[in-house]
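*Asks:* Quick one: the structure is below, questions incoming.
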Amino acid sequence: MEERLRIKLIVDRNAVKRHIFLPSNIEVWTVVGDECDYLVNEKPLFCTCKDFYYLCLIKKRKRMCYHLKALSLAKRKGKYTTYYFNDEELNLFIKLIFSNLK
């Protein structure tokens, strides 16, 4: 599938999620992928997908994977879902994200 179409589909199906932990207001962004949910961040640039790992960390290229491009588009369009959690849930949340990576 063409990358632009894939990015549009991610945004259109509301697969970009913003998780806010209170009272600290820590924001964690995820993108629901085909295999699992990916942790994404724009600054510093980071995604837990294999493409990001390969392109940016192994090949040393400053390219964004399509999950990061979907995050950027969703933020511009205001097309994401926000969830609120307590700060006490942050560690478990991060553990779950990383435990589901394939």
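The values are calculated or read from the model by the stated rules, or taken from the named source; none is laboratory data. Given the structure is predicted, the values throughout are model-derived calculations rather than measurements. Positions of Cβ are generated from backbone atoms using ideal geometry, with glycine treated the same way; all protein chains shown enter the neighbour counts.
*Asks:* Take LYS79 and tell me if it is surrounded by 13 or more Cβ atoms within 10 Å (Cβ to Cβ) and in a loop (DSSP other than H, G, I, E, B).
*Replies:* Yes.
*Asks:* Among the residues of the range 10-61, how many are within 23 Å of LEU90 (Cβ to Cβ), hydrophobic (A, V, I, L, M, F, W, C) and over 13 Å from the mean Cα position of the chain (by Cα)?
*Replies:* Total meeting the criteria: 4.
*Asks:* Taking into account only those residues within the range 82-97 that are touching a residue at least 24 places away in the same chain (Cβ under 8 Å) and exposed (fewer than 11 other Cβ atoms within 10 Å of the Cβ), which is farthest from ARG4 (Cα to Cα)?
*Replies:* ASN86
*Asks:* Taking the range 1-41 on its own, how many of its residues are surrounded by 14 or more Cβ atoms within 10 Å (Cβ to Cβ) and in contact with a His (Cβ under 8 Å, 6 or more places away or on another chain)?
*Replies:* 8
*Asks:* Additional query: Is the range 40-53 home to any residue that is modelled with pLDDT of 95 or more, at negative phi and either part of a loop (DSSP other than H, G, I, E, B) or among the hydrophobic types (A, V, I, L, M, F, W, C) (or both)?
*Replies:* yes
*Asks:* What pairs come out if I take residues in the range 27-39 that are touching a residue at least 12 places away in the same chain (Cβ under 8 Å) and in a strand (DSSP E or B) and pair them with residues that are surrounded by fewer than 18 Cβ atoms within 10 Å (Cβ to Cβ) and of a type outside the set (A, V, I, L, M, F, W, C) whose C-beta lies under 6 Å away, six or more apart or interchain?
*Replies:* TRP29/ARG18; THR30/ASP37
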